[in-house]
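Let me begin by presenting the structure, written as C-alpha cells, before commenting on it.
The values are calculated or read from the model by the stated rules, or taken from the named source; none is laboratory data. Since we're looking at a predicted model, the values are computed, not measured. Glycine also receives a Cβ, built like all others from the backbone with ideal geometry; neighbour counts cover every protein chain displayed. We work out accessible area using only protein heavy atoms, side chains counted, and drop any ligands, DNA or RNA first. Shrake-Rupley method; radii C 1.70, N 1.55, O 1.52, S 1.80 Å.
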Amino acid sequence: IKRGSTVNLYRDSVMTHSGPVGSLKRFKDDAKEVKKGFECGIGLESFTDVQVGDTITDNNTGRMWQKEDDNTTDTWTEADSYCSSLSLGSQTDWRLPYPKELLSIVDYEVATAPTINSSFFPNTNPTVYWTSATSMSDTNQSLYVTFAYGQLWNSYRNNPWYVRCVRSGSDSDVW
C-alpha cells in the first residue's frame, strides 16, 4: 500500500468513504510505501467518523474486516462457527483469518496494548484472537495472535479466546 492510494470504508454494505491514505507507518517510522504482507499503521485522510458495525476493506488484498468483535470469548470451534454464521454489512461469507492476515492488522507502533489501530478497530481486547490455522505440532491446538504484544502463538482449541472475522481477499499471500 502506498501513502496517497485510495481506500474504501464500508458501513452496512454501503461505501461511506473513499479517499487517500493520509498517513502510513511501518513500526515507528513514516513510510511512503509498505509492501504486501508487511504490517503497517494506516490513517485515512479527512475521515474520522468510524462507527460500530463498519467494515474495513483493504483495497490491495480485497479483505474486508469485522471492525469490532462481539466482546465474547469462544473455543476455536465456536469461533469458527461464529464467523461462518456471521451476517455483517449484508455479507455472509465471513471466516476466521489466516495467521498472516491477522498479523497484518497489528500496529507495532502502539506503545501500550492493544497493539492495533483503535481508530479502525475500537474496543479490541489486549489479549488473544483465534486464527484458522491448526498447529503443526499438535492438531488439538490452533494458532492465535495476541494483541498484547502482536505475536503469534498456539493454544488448545478448547480455550476461550476472542475472534475477529474476515472475508474475501487473496490466498496468494497467506500461510
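By DSSP, what percent of the beta bridges with both residues in the chain are antiparallel, rounded to the nearest 5? Please list the in-between numbers first.
Values: 35 of 36 bridges.
The antiparallel fraction comes to roughly 95 percent.
Considering only the Cα atoms of the stretch 62-162, their convex hull presents on average a projected area of 6.3 nm².
Per residue, how much accessible surface does the chain expose to a 1.4 Å probe? Answer in Å², no decimals. Intermediate results must be reported in sequence, preceding the final value.
On the way: 8710 Å² over 175 residues.
Normalised by residue count, the accessible surface of the chain is 50 Å².
Assuming charge only on the beta carbon of Lys and Arg (+1) and of Asp and Glu (-1), the dipole of the chain about its Cα centre is about 440 debye to the nearest 20.
Any chance you could run the full-extension gain for Glu109 through Asn140? It's 0.36 nm times the residue separation minus the Cα-Cα distance, nm to one decimal. Before the final figure, lay out each step's value.
Working: separation 31, 0.36 × 31 = 11.16 nm, distance 3.32 nm.
7.8 nm is the gain from fully extending Glu109 to Asn140.
Contact order, relative form, for the chain: 23 percent (alpha carbon pairs under 8 Å, 6 or more residues apart, mean separation divided by residue count).
Could you give the angle, 0 to 90 degrees to the nearest 10, between helix 76-85's Cα long axis and the longest principal axis of the Cα atoms of the chain? It works out to around 50 degrees.
Under the simplified labelling scheme, the Asp70-Trp153 pair shows an inter-label distance of 2.5 nm, with each label point 7 Å from Cα along Cα→Cβ.
Computed extension length for Lys100-Asp29: 23.4 nm, one decimal, from 0.36 nm per residue of separation with the Cα-Cα distance subtracted.
Its Cα gyration tensor gives the chain an equivalent ellipsoid; the semi-axes, largest first and in whole Å, are 25, 18, 15.
Measuring from each cysteine beta-carbon in the chain, the ones with no other cysteine beta-carbon under 4.7 angstrom are Cys40.
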